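These notes are about the structure you will find just below.
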Amino acid sequence: MKQIIINWLYVFIGPPAIGLALRFFCRRWKRAYWITLCLLLLTAAAWTLAWTAPQGLEWYGLAAVQVSLAAAGSLAAGAALWLAGKK
């Protein structure tokens, strides 16, 4: 049970938290959106690798999911900061 929880943390909970933290802590930087843009480009590269990888190699798919979730976390933080600035 402990290993399953650790796997969920590494794959589904940690990457969005890292994306959120990256964007949140760089919010004072004028071009913080570059972090999100780089994560989105990395997501495209990771999914390309996952689609072209030979069968039996699941690491590429897991890495693509992790990078996608990190980009989603960064996008969510950017949207939240943008909405907070609108008030």
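Restricting attention to segment 6-17, which residues are surrounded by 15 or more Cβ atoms within 10 Å (Cβ to Cβ) and more than 9 Å from GLN66 (Cβ to Cβ)?
Within segment 6-17, PRO16 is the sole residue that qualifies.
Do you know which of the residues in segment 25-39 that are surrounded by fewer than 16 Cβ atoms within 10 Å (Cβ to Cβ) and assigned to a helix (DSSP H, G or I) is farthest from the chain's Cα centre (by Cα)?
PHE25
When both residues are 6+ apart or on different chains and their Cβ atoms are under 9 Å apart, which pairs have a first residue that lies in segment 1-29 and is in contact (Cβ under 8 Å) with a residue 24 or more places away in the chain and at positive phi, and a second that is in a helix (DSSP H, G or I) and not small (Gly, Ala, Ser)?
Partner pairs satisfying both residue conditions: none exist.
Name every residue in segment 46-59 that is loosely packed, with under 13 Cβ neighbours inside 10 Å and either under 22 Å from GLY78 (Cα atoms) or not hydroxyl-bearing (Ser, Thr, Tyr) (or both), in order of residue number.
TRP51, PRO54, GLN55, GLY56, LEU57, GLU58, TRP59
Which residues, taken from segment 31-76, are of a type outside the set (A, V, I, L, M) and in contact with a Gly (Cβ under 6 Å, 6 or more places away or on another chain)?
Answer for segment 31-76, where residues must be of a type outside the set (A, V, I, L, M) and in contact with a Gly (Cβ under 6 Å, 6 or more places away or on another chain): THR36, GLY73, SER74.
Every number in this text was worked out from the coordinates using simple rules, so none of it is lab data. All values derive from a computational prediction rather than experimental measurement. Cβ: placed from backbone, ideal geometry, glycine included. Neighbour counts: every protein chain shown.
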